[in-house]
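Reading through the structure tokens given below for one structure.
The values are calculated or read from the model by the stated rules, or taken from the named source; none is laboratory data. The structure displayed is predicted, hence computed values, not measured ones. Heads up, the Cβs are rebuilt from the backbone with ideal geometry, glycines too, and the neighbour counts pull from every protein chain shown.
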Amino acid sequence: MSDSTWVSTSMPYLTPRREGQSDAWGAEAAARGGRGGQRITHAGEVPASEEVADLLGVAVGDAAVVRRRVIQLDGEPCELTDTHYPTSIARGTRLAGKGKIPGGAVTHLAELGHVGVRVREDVTARMPTADEHEALRLGRDEPVLRLSRVTLDGDDRPIQADLMVMPAHRQRLRYEIRIG
């Protein structure tokens, strides 16, 4: 890949894929001449932190299903993503397991009857934790961007909450907003 800055848009990650299509990250990386992948480091139920509880509308400590992943571009880590789901949606589904989900999690959510219609994202910059620094193979004094996203269904209920950390110097986030 010729440009070291990745321009990322959120829309492909919010739209269910058609049957036979690869996941959004794999498709985006391939379109840019790269190979996108992910390594799931943990999947299952965890107690909801204060932030996750707020995003999902549950009580702190209530169970939530999480998929913790290291997102990779051409075999190198480029993002850490924890995706949380309410247990009422994800318990006992592929979302709670470490296996690959054909078409991605958003497609599986749609198959389960949960389609996002509204998203709220917050982006902040900060220095990485020691674990993030190591996992992302960052140089000394390199900051990260942290993006939190909650996806809501047509009844304004949270169906998914993403917490992402990515090297700031390799990212540019693009937001296109259509009014009306």
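On the basis of being modelled with pLDDT of 90 or more and more than 23 Å from Leu112 (Cα to Cα), does Ala59 make the cut? Taking the combined requirement at face value, the residue satisfies it.
With without any contact (Cβ under 8 Å) to a residue 12 or more places away in the chain and part of a loop (DSSP other than H, G, I, E, B) as the only criterion, which of Gly116, Gly92 stands out? Break it down into steps so the answer makes sense when it comes.
Values: Gly116 fails: without any contact (Cβ under 8 Å) to a residue 12 or more places away in the chain.
Answer to the check: Gly92.
Arg174 versus (1) within 20 Å of Glu50 (Cα to Cα); (2) charged (D, E, K, R); (3) touching a residue at least 40 places away in the same chain (Cβ under 8 Å): which is the lone unmet condition? Failed condition: (1). For region 63-84, the criterion of a residue being under 15 Å from His108 (Cβ atoms), outside any strand (DSSP E or B), modelled with pLDDT of 60 or more and β-branched (Val, Ile, Thr) is satisfied by no position.
Based on this model, can you work out whether Thr87 counts as surrounded by fewer than 19 Cβ atoms within 10 Å (Cβ to Cβ) and of a type in the set (Ser, Thr, Tyr)?
On the way: surrounded by fewer than 19 Cβ atoms within 10 Å (Cβ to Cβ): yes; of a type in the set (Ser, Thr, Tyr): yes.
Answer is yes for this residue.
For region 117-158, filtered to residues that are out of contact with any helix residue (DSSP H, G or I) (no Cβ under 6 Å at 6 or more places or on another chain) and β-branched (Val, Ile, Thr), the residue that is surrounded by the most Cβ atoms within 10 Å (Cβ to Cβ) is Thr151. Going by what's in this entry, would Val60 be described as over 28 Å from Glu176 (Cβ atoms), in a loop (DSSP other than H, G, I, E, B) and more than 14 Å from the chain's Cα centre (by Cα)? Criteria met by Val60.
Part of a strand (DSSP E or B), more than 14 Å from Asp162 (Cβ to Cβ), among the aliphatic types (A, V, I, L, M) and at pLDDT below 95: does that describe Val7?
Working: part of a strand (DSSP E or B): yes; more than 14 Å from Asp162 (Cβ to Cβ): yes; among the aliphatic types (A, V, I, L, M): yes; at pLDDT below 95: yes.
So Val7 fits the description; yes.
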